[in-house]
Structure formats: C-alpha cells, structure tokens
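Below you'll find the structure, written out as structure tokens, and then a few comments.
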Amino acid sequence: MSDFSAADHAWMARALQLAERGRWTADPNPRVGCVLVRDGVCLGEAWHVRAGEPHAEVLALRAAGDDTAGATAYVTLEPCSHYGRTPPCADALIEAGIARVVAGASDPNPRVSGCGLDRLRASGVAVAVGLMAAESERLNAGFFRRMRVGRPYVRAKLAASVDGRTAMASGESRWITGADARRDVHRWRAGSGAIVTGVDTVIADDPALTVRDVDGDFVAPRRIVVDTDLRTPPDAGLLADERGVVLVHGGTMPAREADRIHAGAELWQVALGADGHVSPKAVLEALASADINEVWLEAGSRLAGAWLQAGLVDELMIYVAPHVMGHQGQPLLTLPGLDAMSDRIALKWLDTRRVGHDLRLTMAMRDDAEEG
C-alpha cells in the first residue's frame with residue numbers, strides 16, 4: 001500500500017520473521033510477531049510462543065522496558081481487545097504510550113474484528129492496517145480459515161512413484177520415498193493441529209501418527225482416525241498409546257459395545273454423508289470445534305480422494321520418488337465419476353522443490369476464475 005514507507009515494510013517483515021518462530025508452539029492461537037520502534041531504533045521485539053502465555057505485544061513491551069512512549073508497534077495481527085486467557089493487548093499498548101500501531105491484518109474472528117483497532121483509535125493512537133496482510137494470512141492460514149468458515153485448513157499428503165503409484169498391488173508401500181522426504185513429512189506433521197488418517201490405513205499399516213526426527217519444541221498434534229463403522233482393531237497401537245486417539249464414527253455401533261472394544265480412544269460421532277461414510281465436512285467442523293487450525297491428512301487413496309472431490313483439501317502435497325512401480329500398483333487417488341476431460345479437478349501450482357532424492361509438489365484447488 002502506498003501509505004506505508006520502506007521502513008514500515010522492513011519492520012513488518014521483521015515482525016513476520018518473529019511470528020514464524022511460533023509456527024510449532026502457538027497453536028491453537030495465531031502466530032504473531034511484534035516489533036516496537038522509535039526513531040528508527042528497535043526498542044523491543046517478541047513473538048507469541050504458546051497459548052495461555054503472554055501475547056507478542058506484551059512480551060515486546062517487557063523487552064523494551066519502561067521507555068516506550070511515542071513508539072510505533074508493528075504487529076502482524078490486530079491486537080486483541082478482549083479478555084481471554086490473557087488481558088487485552090490493545091490496552092497494554094495504550095498504557096505503554098504507543099503512538100502508532102501498524103497491523104498486518106485485522107482479526108478474522110467476525111465477533112471481534114476491528115475492535116482492537118477501534119479501541120486504539122479511541123485512545124488517540126494512530127492506526128494503519130493492511131501492511132503485508134497476505135503474508136500474515138498465509139502464516140496463519142488455518143486460524144483464518146477456522147475463524148471465517150468454521151473449518152481447519154487441510155493439507156493432504158501423498159507419496160507416489162513417478163508413475164503415480166502409492167503401493168504395490170500387494171499393498172506393500174514401505175518405503176516409497178527416501179529418508180529426507182520422510183523427515184520433511186514429520187516437520188509438517190509437527191506444525192499441524194491434527195494428523196488425520198482412515199481406518200483402512202490403520203488396519204493395513206498400524207501407523208503411530210507421531211512426530212519424530214524434529215528438533216525443538218512443538219505442540220503434539222492430535223491423532224484422528226476416520227472410522228465410520230468403528231472397525232479399528234482393538235489391538236491397534238493407537239489405542240494402547242498414552243498419547244490418545246480420536247475415532248470419528250457414524251454411530252453404527254452401539255455405544256456400550258464401542259466403549260468396550262475401543263477403550264482408550266475418544267469417540268466422536270458425526271453425521272453420515274450420502275455415500276454412507278462419515279461426512280468429510282462434518283469431520284472438519286468437529287475438528288474446528290476442538291480448536292484445530294491445520295489438518296495434515298495422511299490417508300489412503302479413497303479417503304484422500306473423497307476429501308479432494310468434496311472441495312475440502314486446501315493443499316495437495318505429493319512427494320514423488322524417482323522410480324516406477326508398474327500399472328498394477330495402487331493409484332494415487334480414488335476419484336469416481338471422472339469420465340470426461342470436463343470432469344477434471346483443476347489445480348494450481350504453489351511450490352515445487354527437491355527434498356533429498358525426491359520431489360515435493362504442492363498444489364491447491366483452482367477457482368473457475370483462474371481457468372486457462
């Protein structure tokens with residue numbers, strides 16, 4: 001925006017760098033950074049580390065000390081105006097004598113959006129909003145999605161050979177990709193609020209759905225199994241693991257029997273879709289109600305395909321290994337009803353990069369307006 005100077009852009013870029021440090025720990029709160037500046041000098045800076053702990057603005061004020069009168073606060077997200085687990089950040093900035101607040105984006109929660117900015121303006125603080133807003137939203141894609149439409153941001157991960165196969169005809173699939181790609185997957189898992197898989201994957205592979213080989217602190221993602229008829233085996237490792245698991249089902253098994261067979265699991269009943277399986281939309285609404293911002297969908301071809309066809313996959317991340325597995329191997333996605341070229345699901349490229357010996361291809365759904 002033309003109203004912002006080069007210095008404004010530089011300081012907001014720094015605030016975004018700080019916000020990035022909360023990627024693995026701030027969940028379910030947004031990742032926010034703050035820099036306090038006066039006369040071109042940084043007085044204090046910080047980022048929001050963890051839910052329930054002080055927000056970025058308060059930590060930056062503490063780092064700056066008592067002499068903050070007349071300073072500008074660069075904040076990647078609108079300062080909060082309500083009492084939650086911490087007091088309003090807008091009030092803290094006012095009390096500290098901050099003269100100007102530059103916010104990257106306004107709060108996406110429609111119940112409070114703009115309230116913090118209004119409180120600042122009412123107290124005589126100069127306010128500007130919208131600087132590098134797209135970057136702030138990308139950093140908090142899940143939080144913005146949950147606040148705006150009531151569902152998390154979904155990344156669907158798949159690993160395939162160069163000829164698009166995810167397993168041999170026998171079901172053997174370990175390992176398609178190399179160690180570097182698998183470490184990269186765990187990094188993405190660590191930044192997600194939940195890892196979601198399907199019951200068929202649990203039956204076939206008995207996965208742990210944990211985060212490994214990731215340095216540093218992170219909030220362990222919740223482990224979710226989409227299991228319409230509660231077919232998860234009683235001896236599945238997920239049920240015995242003290243980290244807990246949620247089985248999302250359709251209520252087809254009597255509750256008493258379900259509790260007996262699946263002791264150790266948290267059972268969520270959601271609505272069924274027209275195909276007789278639990279509705280993907282209902283699953284995501286339940287996850288949003290549990291304050292999950294970002295979902296890492298790591299499932300088989302049928303479940304991943306169903307979510308993609310339902311328009312509920314925001315990013316499709318495919319790790320492609322440089323080998324072929326043959327035409328009898330299992331497909332990347334199960335997508336019934338795609339009979340003509342006009343039925344294709346249009347995607348757009350977001351990123352392509354090499355990870356070890358493999359490629360990571362990242363795509364998003366393409367709008368009709370982007371066709372061409």
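The values are calculated or read from the model by the stated rules, or taken from the named source; none is laboratory data. Since this is a predicted model, take the numbers as computed values, not measurements. Cβ placement follows ideal geometry from the backbone for every residue including glycine, while neighbour counts extend to all protein chains displayed. We work out accessible area using only protein heavy atoms, side chains counted, and drop any ligands, DNA or RNA first. Shrake-Rupley method; radii C 1.70, N 1.55, O 1.52, S 1.80 Å.
Just to confirm my filter: which strands (runs of 3 or more DSSP E) fall fully inside segment 309-372 and include at least 2 residues that are touching a residue at least 40 places away in the same chain (Cβ under 8 Å) and charged (D, E, K, R)? I'd like the intermediate steps shown before the answer.
Details: elements: 315-321, 347-355, 358-365.
Filter on segment 309-372 gives 358-365.
Any residue that is closer than 30 Å to ALA26 by Cβ, more than 20 Å from the chain's Cα centre (by Cα) and open to solvent by 30 Å² or more (accessible area, probe 1.4 Å) - is there at least one of those in segment 252-263? No, segment 252-263 contains no residue that is closer than 30 Å to ALA26 by Cβ, more than 20 Å from the chain's Cα centre (by Cα) and open to solvent by 30 Å² or more (accessible area, probe 1.4 Å).
Residues are listed down the side, and each one gets a yes or a no for (1) open to solvent by less than 20 Å² (accessible area, probe 1.4 Å); (2) outside the structural domain of GLY70 (by the TED database):
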position	(1), (2)
ALA99	no, no
CYS115	no, no
ASP118	no, no
VAL125	yes, no
THR166	no, yes
GLY171	no, yes
TRP175	no, yes
VAL185	yes, yes
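Considering the conditions (1) open to solvent by less than 60 Å² (accessible area, probe 1.4 Å); (2) at negative phi; (3) of a type outside the set (Asp, Glu), GLY130 is excluded by exactly one of them, (2). Determine whether segment 202-221 contains at least one residue that is in a strand (DSSP E or B), over 19 Å from TYR319 (Cα atoms) and either assigned by the TED database to the domain that holds ALA156 or out of contact with any Asp or Glu (no Cβ under 9 Å at 6 or more places or on another chain) (or both). Within segment 202-221 (the criterion being in a strand (DSSP E or B), over 19 Å from TYR319 (Cα atoms) and either assigned by the TED database to the domain that holds ALA156 or out of contact with any Asp or Glu (no Cβ under 9 Å at 6 or more places or on another chain) (or both)), the answer is no, since none of the residues qualifies.
Results for (1) out of contact with any Lys or Arg (no Cβ under 9 Å at 6 or more places or on another chain); (2) open to solvent by less than 30 Å² (accessible area, probe 1.4 Å); (3) of a type in the set (Asp, Glu); (4) closer than 28 Å to ALA190 by Cβ, shown as yes or no for each residue.
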site: LEU267; (1), (2), (3), (4): yes, no, no, yes
site: ASP275; (1), (2), (3), (4): yes, no, yes, no
site: LYS281; (1), (2), (3), (4): no, no, no, yes
site: HIS323; (1), (2), (3), (4): yes, no, no, yes
site: GLN330; (1), (2), (3), (4): no, no, no, yes
site: LEU335; (1), (2), (3), (4): yes, no, no, no
site: ARG344; (1), (2), (3), (4): yes, no, no, no
site: TRP349; (1), (2), (3), (4): yes, no, no, yes
site: ARG366; (1), (2), (3), (4): no, no, no, no
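Hey, any hits in segment 69-90 for a residue that's in a loop (DSSP other than H, G, I, E, B) and touching a Phe, Trp or Tyr at 6+ places or on another chain (Cβ under 9 Å)?
To start, the set of residues in segment 69-90 that are in a loop (DSSP other than H, G, I, E, B) comprises 69-71, 78-88.
If we keep only those that are touching a Phe, Trp or Tyr at 6+ places or on another chain (Cβ under 9 Å) too, we end up with none.
Scanning segment 69-90, I find no residue that is in a loop (DSSP other than H, G, I, E, B) and touching a Phe, Trp or Tyr at 6+ places or on another chain (Cβ under 9 Å), so the answer is no.
With respect to (1) farther than 21 Å from PRO152 by Cβ; (2) open to solvent by less than 10 Å² (accessible area, probe 1.4 Å), the lone exception for VAL246 is condition (1).
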